[in-house]
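The values are calculated or read from the model by the stated rules, or taken from the named source; none is laboratory data. Owing to the predicted nature of the structure, the values given are computational and were not obtained by experimental measurement. For neighbour counting, all protein chains shown are included, and Cβ atoms are generated from backbone atoms with ideal geometry for every residue, glycine included. Surface accessibility is based on the protein's heavy atoms, side chains included, excluding ligands, DNA and RNA. Shrake-Rupley method; radii C 1.70, N 1.55, O 1.52, S 1.80 Å.
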Amino acid sequence: MRQIFCGAAAATVLGCCTATAHAQTSDRGAVPAVEVIAPTPLPGLDVPRDRLPAYVRSLRAAELEEEKPGGLTGALDARLPSVNLNEIQGNPYQPDVNYRGFTASPLLGTPQGLSVYQDGVRINEPFGDIVNWDLIPHAAIDSVVLVPGSNPLFGLNTLGGALSLRTKSGDTHPGAVVEVYGGSFGRRSGEFAFGQRLGGDMHFFAAGTWFAEDGWRDYSPSEVKQFFAKLGRRGAKFSFDLGLTVADTDLIGNGLVPQTFLDQRREAIFTRPDNTRNHLQMLTFNGNYYLADDSRLSITLYRRSVKTQTLNGDVNDAFEDGPNDLAAGGTGLNVGTAVNNRTAAPQSGDGGALQWSAIAGGHQFALGVTLDRSESDFEQSAQVGIFDATRAVMETDPLALENALRSSTRAGSAFVTDTWSLRSDLHLTLSARYNQAHVTLRDQGPSAPALDGDHRYTKLNPAAGVAYQATRALTVYGGYNQGNRAPSPIELGCADPARPCTLPNALAADPPLKQVVARTLELGARGKAAGDVRWNAGLFQTTSTDDILFVGTTTSAGYFTNFGKTRRRGLELGLSGASGSATWSAAYSFVRATFESQACIVSENNSSRGTSAQCSPEDPGAPGTFLGDDLIAVRPGERMPGIPEHNFKFTFGWKPGGGWRVGADLIAFSGLYVRGNENNLHQAGTFQDLNGDVRTFLGPGTLPGYAIVNLQARRSFGGGWELFGRINNLFDRTYATAGALAENPFDAAGSFQTNSGLWTRETFSAPGAPRSGWIGVRYRFGG
């Protein structure tokens, strides 16, 4: 692994990975095309890439297609620098997507730091700011743009970056495509897309996906159904798109597994079931009106409704020290060992944005306003039972409502940005956005009105940057930007360390949380070397104040808390080019994510709990105070869990002739710390704490680095027919992408131990999928 990273760094000192160069030709020869990027989520008068004070990455539909059947998140992992996936659920539609140490995750309990937009509409769900990757219509995505930093123009939740997804249209993608594929894990999938110009200025597009698999881990079947349609008009003065997205998914994500089980079977699970069902209906409208050639009004309106139901089979935390626990002098009966936690969370939201963009006197500017409102109804119930021989929960007690919470969020903002061309080669960008959010909570459950709350947040976020085109082949840039995130309803309802929440989340009457503010500094250069070689290199640093972290207390419970300061800083390098019929790109990233404040947090399965640095939960900075039994001290400079420091990616494509195109991806990451090891001090072994209690801990609290190779190939036969295939993890490497310290109440044979004194404290991890392969056929016609 060290050789891989050293080689990557040496190779990329020359520059960094960029998107493949686009060029257009004329009778006078090759002329470089000007690639433009939308400076805001709304369509408008886009800014040439070389004038932006940041290095913006993009993926086009053809690149996304090459990564099939890896899906959208697989393409992000393979082709975008500083991106890595935590496959905590072991489901291809439920990964955590991390960029520069910030996360967009479908899991409640994961603090979110990236905003995601589909056609100008932010699709982070209102209740927890989560991102349901299974609800994005993969077959309809035309482009993905990754905007780095805390860009205030992308609104709330843009702490580390923003993903902007644009869908296809009938005028840009006419014709039809039908494909089917299948292979490993019982996976089978069908997809279609159809685009048509309707005569005059109108156009229509539709796409759909059906996906099903048995899953590579035990008891892990999933099904995904997606449909997208768009009707639009392209006129000289006025254009619009009306889009509909519908999705229905049934996903099994069996989560982290103790090392004891993984040592026996790679496909093992911990407990079951772990089921999530989502249903989406979203209607969007995008309209554009040209007041003049260099002046444009844009409007976006949307209505979004998501219904989520979860069923999670977990260990019953109340069993330990209860009347049946032998360690507590109980009966030793296998009663109440398990619990099925159920949630239902219908959410609806609507809103819109209005923007005016124009070019005048060397200024290219946009100003606008947004308004969003959402309603969420969250209910959680529990049903106590026992585990069967497969560690599935068999319910024995009646269903009991634990919590019910109604929440509403009102958010508004006003923004302005101006790219000022001081000279033809020097461009200054100034931006600002004022955000206001109002979150109300109304307790509808047994504890009412304990959860009632009324929280208001406001923030003015500025940004400034400069891009200097030193030569036609070299641009240098630098900038500062700031973004904020208001706590979501789930975080506000689960913030008391004395009353941890069961995930997806039982709620408690909790202290209010502060909003997170992130400030990013960025400096870099990009350009073109000899031939068709492109490069870029950059440094970045993002410091977050009052970062919201989720502190796990067991495998299924924890609480949210503000944590002083955290910092992500790093380096991004890369190189890309083409030679004859071959294309290639390489990218290396270094991301160091650290805590920058001192605090005590709960981590009862960390071997250093109650034995290390002195602090107290009442006053984390006070010297000489006693460290509680279940607390660990986190100090400035210690690394945050779940984020590898080194990241290297290499892609290669070749057209050998005969209608063939073959390619390969190499993805490599260094090791990381697991959740619960925030102080970086956990060790395997037997230790005695300050109370004299002796405890044994299995696993080091870290995960090793890994490298995997994926292959893809396709063959065109003419007449619109194409055969394609893919092999993931070619060398069948055993690896894990995420983990946590937790307690395992089962023995090596998988039987529940009614004496909690025999439970083992282990490193749980999310195993990566073994070698797998798929093959499919695609037919295009009418284009």
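Computed quantities for the displayed model
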read-out	value
Per-region count, the range 247-275, residues open to solvent by 40 Å² or more (accessible area, probe 1.4 Å) and farther than 30 Å from residue 120 by Cα	8
Every residue from the range 350-367 that is part of a strand (DSSP E or B) and open to solvent by 40 Å² or more (accessible area, probe 1.4 Å)	354, 356, 359, 360, 363, 365, 367
Residue in the range 690-712 that is of a type in the set (Asp, Glu) and open to solvent by less than 20 Å² (accessible area, probe 1.4 Å) present	no
Cross-chain or 6+ apart pairs with Cβ under 6 Å, the range 725-753 first and buried (at least 21 other Cβ atoms within 10 Å of the Cβ), then among the charged types (D, E, K, R)	737/87; 740/675; 744/762
Any hit, the range 640-660, residues being buried (at least 16 other Cβ atoms within 10 Å of the Cβ), over 23 Å from the mean Cα position of the chain (by Cα), more than 29 Å from residue 610 (Cβ to Cβ) and basic (Lys, Arg)	no
For residue 674: the one exception among (1) in contact with a helix residue (DSSP H, G or I) (Cβ under 8 Å, 6 or more places away or on another chain); (2) of a type in the set (Val, Ile, Thr); (3) open to solvent by less than 20 Å² (accessible area, probe 1.4 Å)	(1)
Where a residue in the range 419-432 is surrounded by 18 or more Cβ atoms within 10 Å (Cβ to Cβ) and its partner, wherever it lies, is among the charged types (D, E, K, R), with Cβ under 6 Å and at least six apart	419/51; 427/51
Residues of the range 197-255 satisfying the condition of being outside any strand (DSSP E or B) and β-branched (Val, Ile, Thr)	none
Residue identified as free of Cβ contacts under 8 Å to residues at least 24 places away in the same chain and over 27 Å from residue 348 (Cβ atoms) among 90, 74	74
Unique match (being touching an Asp or Glu at 6+ places or on another chain (Cβ under 9 Å), within 27 Å of residue 188 (Cα to Cα) and open to solvent by less than 20 Å² (accessible area, probe 1.4 Å)) among 286, 278	278
Filter result (touching a Phe, Trp or Tyr at 6+ places or on another chain (Cβ under 8 Å) and hydrophobic (A, V, I, L, M, F, W, C)) within the range 360-380	366, 367, 369, 378
Residue that is farthest from residue 546 (Cα to Cα) [pool: residues in the range 452-476 that are open to solvent by less than 10 Å² (accessible area, probe 1.4 Å) and not polar (S, T, N, Q)]	467
Complete set of residues in the range 590-607 that are open to solvent by less than 10 Å² (accessible area, probe 1.4 Å), farther than 10 Å from residue 631 by Cβ and in a loop (DSSP other than H, G, I, E, B)	605
In the range 294-347, the residues that are in contact with an Asp or Glu (Cβ under 6 Å, 6 or more places away or on another chain), surrounded by fewer than 16 Cβ atoms within 10 Å (Cβ to Cβ) and part of a strand (DSSP E or B)	303, 344
Residue among 355, 380 that is at pLDDT 95 or above and within 30 Å of residue 438 (Cβ to Cβ)	355
Every residue from the range 478-490 that is in a strand (DSSP E or B), open to solvent by less than 10 Å² (accessible area, probe 1.4 Å) and out of contact with any helix residue (DSSP H, G or I) (no Cβ under 7 Å at 6 or more places or on another chain)	484, 485
